[in-house]
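Every number in this text was worked out from the coordinates using simple rules, so none of it is lab data. Quantities reported herein were computed from a predicted structural model and do not represent experimental measurements. A quick note on method: Cβ atoms are made from the backbone with ideal geometry, for glycine too, and the neighbour counts reach across all protein chains shown.
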């Protein structure tokens, strides 16, 4: 089937962006912006229509979808500020030919190419994005000992005397979160599912107070809802300085009730899988929450952090360790987006980089399972260090995100392998291994993002353990006999680093194994020559859904 590649295009829906006060960023912006001469370094994005069958929804549910999308647009506006600053000021200065690419990246830095600036006149992206003053140093922050300086829901700013201070999200974004909260409460008034109604009202309160725990618990408790909305400050990937600050994001979701029913059974295996992890007992003493569940969704709107650069295809939330220990987590498989990435990216990559004798093992079912159990695996392992260093997140700081993603990658494969042996997952086990390798080639193109670094560590470790080989013609072939040994070895390494809160050890591992070799880069360049998309962008919104 012929695939049409549409590079660097973004849907221009009728979104209303409110003005957002921005701090001046004189160090990164000049008045004279010109196009980058390195246009061939820019990434390719395939355009995907983000629609779904809504014929089975009631009129009240359709009204809720519209309100969800309006609230999501506000999250998009807030994320622009967190990622860059004043969106309108930036776009007014960006060359016309670069505006779409700037919108895709929520700024002038290429998210799938190590956050390098793609327009002349811009310096490096601040590690702390716009959560902190661009000129603030790590030493200055630590010396200031700010009230709630590490709180995930505060910004750090300077006063007129140059002194650092914090301001809560609910204060800084007061007008925006008030509007979003009002939209959620209006949506709650239409909700006939009591769990969803309760969650929406509590999430509205959370946006206005920065207290997300009650709404996270309510979100875990709701089970029978057909619609879902993940909204608020959630992931900390954007804060590459410390990993403390969360960025605003939103997903509007329609649950596939039939698929979700099929996935229910897997959550019950978590305690057994935790106890069987290939590591010393002290690193798996914690018990995952028993209320975890798996669900499949069609996502009909992305906004903010999750829409920036590489698009999320599965979610594991909440991130609050207190909720995880009490309730577990919910894993959301975004199957329509997953299918789009498989068809437009994974299969074309496999046709170029996977040895011809093994290409038949790259399947959507294996891709779906690997991604699903990646999210489930976030709930395995350890959340608090074994030596009094506090939570793993706090001990590893900015190194936590990519190591956690690496843990989820490798433990997800471990879970698939274990459940396949038990007969709980059908199909050829070779499919999961070969598809996993093809998935690494897809994800390492994410540059230095958490997912990109995690996949490079895995690739280099597996290569050292001879879990695969590179053939003379530049394709890759899985060595099935060595795959399980490499999988268990990397699992043990990552879990040990997390349990020990070994910050220096993670830095060393990333430095040694988190980079793309010149040989691999030459092979990845073949994908560029063949115009294989790096990721996807969406045509989305009310009109696309036919509302």
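Values as computed for the structure displayed
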read-out: Spacing of the two label points (7 Å from each Cα toward its C-beta) at residue 276 and residue 504, in nm; value: 3.7 nm
read-out: Segment 214-295 - percent relative contact order, Cα under 8 Å, separation 6 or more; value: 26 percent
read-out: Least to most buried among 299, 478 (fewest other Cβ within 10 Å first); value: 478, 299
read-out: Footprinting exposure proxy for 538, 269 (fewest neighbouring C-beta atoms within 10 Å first); value: 269, 538
read-out: Overall form of segment 70-190 per C-alpha gyration tensor (a/c, 1.5; a/b vs b/c); value: oblate
read-out: Which of 172, 374, 420 has the fewest Cβ neighbours within 10 Å, and the rest in rising order; value: 420, 172, 374
read-out: Label-to-label distance, nm, for residues given as residue 424 and residue 224 (7 Å Cα→Cβ offset); value: 2.7 nm
read-out: Whether the chain is rounded, prolate or oblate, judged on the alpha carbon gyration tensor where a/c under 1.5 counts as rounded; value: rounded
read-out: Euclidean distance of C-alpha centroids, segment 232-308 and segment 159-217, integer Å; value: 21 Å
read-out: Whole-number percent relative contact order across the chain, with pairs defined as alpha carbons under 8 Å at least 6 apart; value: 18 percent
